[in-house]
Amino acid sequence: MKRFALPAVIAVFLGGGLWLSADAPKPSDDAELEQLRKKASAGGKYRMLIAQIKVDNEKEIGDFKDLGQQSRTEYAGFKDLPKGYWVYAKPYWYIWRDLSSVAERREKRAWGPEQACGEPDTNMAGDIQTAWASQSQDDQDEWLLLEYAEPVVPTAVLVHETYNPGALVRVTAFKLDGTEVELWKGQDPTGADVEMGVSEVPVKADFRTNRIKIYIASKDVPGWNEIDAVGVRDKDNKMHWATSAEASSTYAPPYESLPRTVAPSPLSVNRQQEMRIKKLEDEVAGLKAMIEELKKKVEKKDK
Ligand SMILES: [Ca+2]
């Protein structure tokens, strides 16, 4: 794991035999950056990278530091940082959402972003809990960030839309140095007039990525715009499915509010049923309001 420190030291010595001020090594290619990302995951201890910031000078810290969970939102000039597990692998701070050991034991919550992981498993259109749903139907635009096991050069992103499709407007990828790059922007290939669809977006990238972010114009397409899976096709035509996911919001309750269980307990099944009923009630309330409005319009016309 000292592979990075060593070339840097050699480079400094070769470069005139002087100790230069602790400038960060410049990871130049994807392979190096991937090694760095692996190192920053502390041997797979962490997963779901939610932020990566470059901070060259961490003299106190050295080349590597597993700092543990932090809730600070600002650091070294960066703002709005998410709460998570901080690991320094020079020259980046990586902020991870999950401890792998905890995440692996978790069951998928109904409509949680984790429902967008893995292969498609929602085989019909509808408000079905094996797909990700945002918290509200149309209150804000949404995004879904997918993490994949291995970085690949993507040639297409396939978004499986299973309820109120047609809201996909943008696809980006994160380079291994943390930069977000737009791969596609436009009108959803799946129209809002169909029940479900797979939006295949061809993309061109000259870098490897294991994090794809999709943007959903939820305000423009009425109802929950649910996503069942997001596949990435690589240049060898191989499909990859996400291993972790994070979203702008979710209809699922926070994990902290759920009973801690390894297998689904009757309690959590009840809770999921409660959530489902609550969601149906919300929809009914929305429909009632719509009917009332229509009634008023009709009455006005009659007058
Ligand atoms: Ca919507």
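The values are calculated or read from the model by the stated rules, or taken from the named source; none is laboratory data. In this text the structure is predicted, and so the values were computed from the model without any measurement. So basically every Cβ, Gly included, is an ideal-geometry build from the backbone, and we count neighbours across all protein chains shown.
So the values come out like this:
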| read-out | value |
| --- | --- |
| Total residues in segment 135-163, condition under 25 Å from residue 178 (Cα atoms) and not in a strand (DSSP E or B) | 2 |
| Enumeration of residues in segment 53-72 that are aliphatic (A, V, I, L, M), assigned to a loop (DSSP other than H, G, I, E, B) and under 30 Å from residue 118 (Cα atoms) | none |
| Boolean, residue 127 is assigned by TED's automatic domain parsing to the domain that holds residue 241, touching a strand residue (DSSP E or B) at 6+ places or on another chain (Cβ under 7 Å), modelled with pLDDT of 95 or more and among the acidic types (Asp, Glu) | yes |
| Every residue from segment 153-178 that is more than 16 Å from the ligand (Cβ to nearest atom) and either of a type in the set (D, E, K, R) or surrounded by fewer than 20 Cβ atoms within 10 Å (Cβ to Cβ) (or both) | 153, 155, 156, 158, 175, 177, 178 |
| Scope segment 194-227; condition within 21 Å of residue 130 (Cβ to Cβ), within 16 Å of the ligand (Cβ to nearest atom) and over 13 Å from the mean Cα position of the chain (by Cα); matching residues | 194, 195, 196, 197, 199, 218, 221, 223, 224, 225, 226 |
| Single residue of segment 217-235 satisfying the filter (outside any loop (DSSP other than H, G, I, E, B) and charged (D, E, K, R)) that is nearest to residue 192 (Cα to Cα) | 226 |
| Flag if residue 181 is assigned to a strand (DSSP E or B), of a type in the set (Val, Ile, Thr), more than 16 Å from the ligand (Cβ to nearest atom) and buried (at least 23 other Cβ atoms within 10 Å of the Cβ) | no |
| Leading residue by the ranking (nearest to residue 229 (Cα to Cα)) among those in segment 73-96 that are out of contact with any Leu (no Cβ under 8 Å at 6 or more places or on another chain) and in a strand (DSSP E or B) | 84 |
| Output for segment 129-152, where each listed residue is away from the ligand (no atom under 16 Å from the Cβ) and either touching an Asp or Glu at 6+ places or on another chain (Cβ under 7 Å) or not acidic (Asp, Glu) (or both) | 129, 130, 145, 146, 148, 149, 151, 152 |
